[in-house]
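One structure coming up, written as structure tokens, with questions to follow.
Values in this text are rule-based calculations from the coordinates and carry no lab data. Computed from a predicted model, the values in this text were never measured in an experiment. Methodologically, a virtual Cβ is constructed for each residue, glycine included, from the backbone with ideal geometry; neighbour enumeration extends over all protein chains shown.
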Amino acid sequence: MEQYSELAFNIVNNLLKIQNDNVISIAGEIHNGKNSEDPLIELALIEELAIAIRKKKAFPVLEISTESLKKRFFAEMPDEIFSVPPNYYKNWINSIDIFIEVGWESFSSDFKVTAEKQIKQFKDSTQSVIEHLFEQKKKLIFLNYPTHELAGYIGADFEKLCGIYFNAANCNYNLLSIYGNDLKDEFYSYSNYKIKSRDEELDLKILRDKIELFTGDTSEQQIVFIPTGIIEVPIERPSLNGVFFADKIYYKDKSYDNVKIKFENGTVRYVAFTKDVKGNYHLQSEFVNSLEECYLTIGFNKNIFEFTNYYSYDRCIDGNISFKFFDRSNHAIFVSNLKAEISKRI
């Protein structure tokens, strides 16, 4: 419990800087689906967050749902329910200053198998609510807290995954901001770079005037994902020339090890896998036909330094050089190398 208390204190005081009389929504879930190993796993952190918020003379509002309730909501409700104007939710948004989502599921929808009808119903019923939330400039914090289910998806040891999460999420956010701004200044000074990964080299040009820094600073970002500590900058796609060797590729609910990608003027010429596994052909096809939009990402969270197989954590690893591409359906494809070196190209 002490670990939860320390993390909650850090989030409330150093990340969110909650003030007197703020109203904070804390959303979590009881994992009461079939074969759930620990249905109450999020409640310990939710409780500590509520206590830390109240100690700041602010007001926590707990929003607890269950897995089975969400499934029944889509399965048993008549279609007209989803077209009712959600005035209640808009009034609720108006009364909240900051929204905290504890679990990882809302951020990582690629891991969930959801029927197309349910996806459409969800989008139709929440679109105006989401628009209102952004119009009111409300802050959203996704804590991305791991569960046994996440560990199962990515093939990780649960206890180890939790340890990595706590270290990364419970970082010194003031120092993280200093690291990030130094890195931003460095990349803002130059456009053309060369990345060496193993014996391969890749040339690229970044759009340095469009750098985004993610350090958990809620004064700069309306949406914050934890763990954080990344700098992200768009790439001029035609400038990609050469080969990048990826330690990891993350696509939807899978990760792939040791993949070589050849670029010519931004076009993917080939994707070579060291292991013949299910999904290789599909990933290769999506890579070759990926959208022009792509990004260079550098991680700098010094409290996380090893892969977990979960891109939301791994992209923040100190020194991790990543690329973000998008398939034809706009799903992200993350490509990472922990030992790659980046240098200015004359």
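Local charge sum around LEU207 (other residues, Cβ-Cβ under 13 Å, Lys/Arg +1, Asp/Glu -1)? Let's see the in-between values first.
Numbers: positive: LYS205, ARG208, LYS210, ARG237; negative: ASP209, GLU212, GLU232, GLU236, GLU292, GLU293.
Summing Lys/Arg as +1 and Asp/Glu as -1 gives -2.
Take the Cα coordinates of segment 1-71, assign each an equal point scatterer, and use the Debye formula without solvent to give log10 I(q)/I(0) at q = 0.14, 0.16, 0.24, 0.27 Å⁻¹.
Result of the Debye calculation: -0.47, -0.59, -1.00, -1.14.
Around THR66, which amide H atoms from residues at least 5 apart in sequence, or from another chain, sit under 5 Å from its own amide H, with H modelled in the peptide plane?
So THR66 has HN proximity to ILE30.
Give the lysines whose C-alpha is closer than 19 Å to that of LYS196, dropping any in the same chain fewer than 8 places away, or say none.
LYS205, LYS248, LYS260, LYS262, LYS324, LYS339, LYS344
Can you give me the Cα centroid spacing of segment 303-331 and segment 35-102 in angstrom?
If we compute the Cα centre of each part, the gap is 28 Å.
A follow-up question, please. Roughly speaking, what is the stretch gain from VAL23 to ASN174, that is 0.36 nm per residue apart minus the C-alpha to C-alpha distance, in nm to one decimal? Don't jump to the answer; show the numbers that get you there.
Numbers: separation 151, 0.36 × 151 = 54.36 nm, distance 2.40 nm.
Using 0.36 nm per residue and subtracting the Cα-Cα distance, I get 52.0 nm.
Separate question: Could you work out how far apart the two model spin labels at LYS194 and ARG328 are, taking each label as a point 7 Å from the Cα in the direction of the beta carbon, and quote it in nm?
3.7
Return the tail of the calculated pair distribution for the chain, meaning the percent of Cα-Cα pairs more than 28 Å apart. The partial results should precede the final answer.
Numbers: 28220 of 59685 pairs.
The answer is 47 percent, as a whole percent.
Go through LYS17/LYS139; LYS210/LYS252; LYS70/LYS278; LYS184/LYS252 and tell me which ones have a Cα-Cα distance over 24 Å in this structure.
Numbers: LYS17/LYS139 12 Å; LYS210/LYS252 26 Å; LYS70/LYS278 31 Å; LYS184/LYS252 29 Å.
As for pairs spanning more than 24 Å Cα to Cα, those are LYS210/LYS252; LYS70/LYS278; LYS184/LYS252.
Anyone know which of GLU131, GLU286, GLU264 comes out most mobile in the 10 Å Cα GNM of the chain?
Of GLU131, GLU286, GLU264, the Gaussian network model singles out GLU131 as fluctuating most.
So, one more: Using r as the Cβ-Cβ distance of GLU2 and ASP157, and R0 as 30 Å, what FRET efficiency do you calculate, to the nearest 0.05? List each step's numbers first, then the result.
Values: r = 22 Å, r/R0 = 0.73.
About 0.85, to the nearest 0.05.
How much length, in nm to one decimal, is gained on full extension between ASP209 and ASN87, taken as 0.36 nm per residue of separation minus their Cα-Cα distance?
Stretched out fully, the ASP209 to ASN87 stretch lengthens by 39.9 nm.
Which of LYS184, LYS34, LYS248 ends up with the largest GNM mean-square fluctuation for the chain, with Cα atoms connected below 10 Å?
Top of the fluctuation ranking is LYS34.
Would you mind telling me which residue in GLY319, GLY242, GLY279 has the biggest mean-square fluctuation in a Gaussian network model of the chain, where springs connect alpha carbons within a distance under 10 angstrom?
GLY279
A follow-up question, please. Antiparallel as a % of all DSSP beta bridges within the chain, to the nearest 5? Please list the in-between numbers first.
On the way: 50 of 71 bridges.
Given both bridge residues lie in the chain, the antiparallel proportion sits at roughly 70 percent.
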